[in-house]
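Written out below as structure tokens is the structure these notes cover.
The values are calculated or read from the model by the stated rules, or taken from the named source; none is laboratory data. The model shown is predicted, which means the values in this text are computed figures rather than measured ones. FYI the Cβ positions are ideal-geometry reconstructions off the backbone, even for glycines, and counts take in every protein chain you see. To get the accessible areas, we keep the full protein, side chains included, count just its heavy atoms, and leave off ligands, DNA and RNA. Shrake-Rupley method; radii C 1.70, N 1.55, O 1.52, S 1.80 Å.
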Amino acid sequence: AQSVTQLDSHVSVSEGTPVLLRCNYSSSYSPSLFWYVQHPNKGLQLLLKYTSAATLVKGINGFEAEFKKSETSFHLTKPSAHMSDAAEYFCVVSGDTGNQFYFGTGTSLTVIP
Amino acid sequence: DTEVTQTPKHLVMGMTNKKSLKCEQHMGHRAMYWYKQKAKKPPELMFVYSYEKLSINESVPSRFSPECPNSSLLNLHLHALQPEDSALYLCASSQAHKRGPYEQYFGPGTRLTVT
């Protein structure tokens, strides 16, 4: 069975400082992993995805994530936070049926000016 | 075009009303999804259509009735809803080939309020 754990429900950083949002997954096979961002009252936007190619994945808006199989982790990072990064972030793992996805509970990122 | 559109943006309906939510994409995706999202929670999968056939129904009450009239359109028909059904309803689409999974593209959602 597949599952996702986002280790922090809230993260607060100062503008210009690094961002780290943590995600651990559980899967019975090699999964695909995704990070999505959701701004208030909006839909979800794909930030990046891992699908068994390079373990360091670069996404949009300066975000990147590293797939670590030994640690079953897929943490999201950004070197320097911007005010516009304040949003809800979801880590998602694929199911084994191809069209099923499992969401983490989300991490709310606050950026302090 | 990587856009998924949803109409209406907002909907207020009484418990005896019948209404429909509409979702459209023109990316050639053959998998389409309905999710329900409550405030401060992740999206919950309701239905998946693959090649216009219902492939997943996550034990959703029958007052929600999905329809996929063609590969670009997805509807969600609503009837006799309860106040607890008030939520943001998100539509998504993705490719549906066997070599997937592929990333989902989400629409902006319909904010539904049941009075």
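For region A:6-25, residues that are at pLDDT 95 or above and open to solvent by less than 70 Å² (accessible area, probe 1.4 Å) total 11. For region A:1-29, a tally of residues being in a loop (DSSP other than H, G, I, E, B), farther than 25 Å from B:Gly109 by Cα and within 14 Å of chain B (Cβ to nearest Cβ) returns 3.
Looking across region A:30-46, the residues that are under 11 Å from the mean Cα position of the chain (by Cα) and either at the interface with chain B (Cβ under 7 Å from one of its Cβ atoms) or open to solvent by 70 Å² or more (accessible area, probe 1.4 Å) (or both) come down to A:Phe34, A:Leu46.
Of all residues in region B:18-65, those that are away from every other protein chain (no Cβ under 14 Å), out of contact with any Asp or Glu (no Cβ under 6 Å at 6 or more places or on another chain), of a type outside the set (Ser, Thr, Tyr) and in contact (Cβ under 8 Å) with a residue 12 or more places away in the chain total 7.
Condition check ((1) surrounded by 18 or more Cβ atoms within 10 Å (Cβ to Cβ); (2) within 24 Å of A:Phe90 (Cα to Cα); (3) at pLDDT below 95) across all residues:
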{"position": "B:Glu3", "(1), (2), (3)": "no, yes, yes"}
{"position": "B:Lys19", "(1), (2), (3)": "no, no, no"}
{"position": "B:Lys40", "(1), (2), (3)": "no, yes, yes"}
{"position": "B:Glu67", "(1), (2), (3)": "no, no, no"}
{"position": "B:Leu73", "(1), (2), (3)": "no, no, no"}
{"position": "B:Leu90", "(1), (2), (3)": "yes, yes, no"}
{"position": "B:Val114", "(1), (2), (3)": "yes, no, no"}
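When region A:96-105 is filtered for residues that are touching a strand residue (DSSP E or B) at 6+ places or on another chain (Cβ under 6 Å) and open to solvent by less than 50 Å² (accessible area, probe 1.4 Å), the ones remaining, listed by number, are A:Asn99, A:Phe101, A:Phe103, A:Gly104. Consider A:Tyr36 carefully, then state whether it is assigned to a strand (DSSP E or B) and either farther than 25 Å from A:Met83 by Cα or not hydrophobic (A, V, I, L, M, F, W, C) (or both). So A:Tyr36 fits the description; yes. Of the listed requirements (1) at negative phi; (2) open to solvent by less than 70 Å² (accessible area, probe 1.4 Å), A:Lys49 misses just one: (2). Checked against (1) surrounded by fewer than 22 Cβ atoms within 10 Å (Cβ to Cβ); (2) more than 10 Å from chain B (Cβ to nearest Cβ); (3) part of a strand (DSSP E or B); (4) touching a residue at least 60 places away in the same chain (Cβ under 8 Å), A:Ser108 meets all criteria but (2). Within region A:57-71, not a single residue is closer than 19 Å to B:Cys91 by Cα and of a type in the set (S, T, N, Q). Among the residues of region A:71-84, those that are open to solvent by 10 Å² or more (accessible area, probe 1.4 Å) and not polar (S, T, N, Q) comprise A:Glu71, A:His75, A:Lys78, A:Pro79, A:His82, A:Met83.
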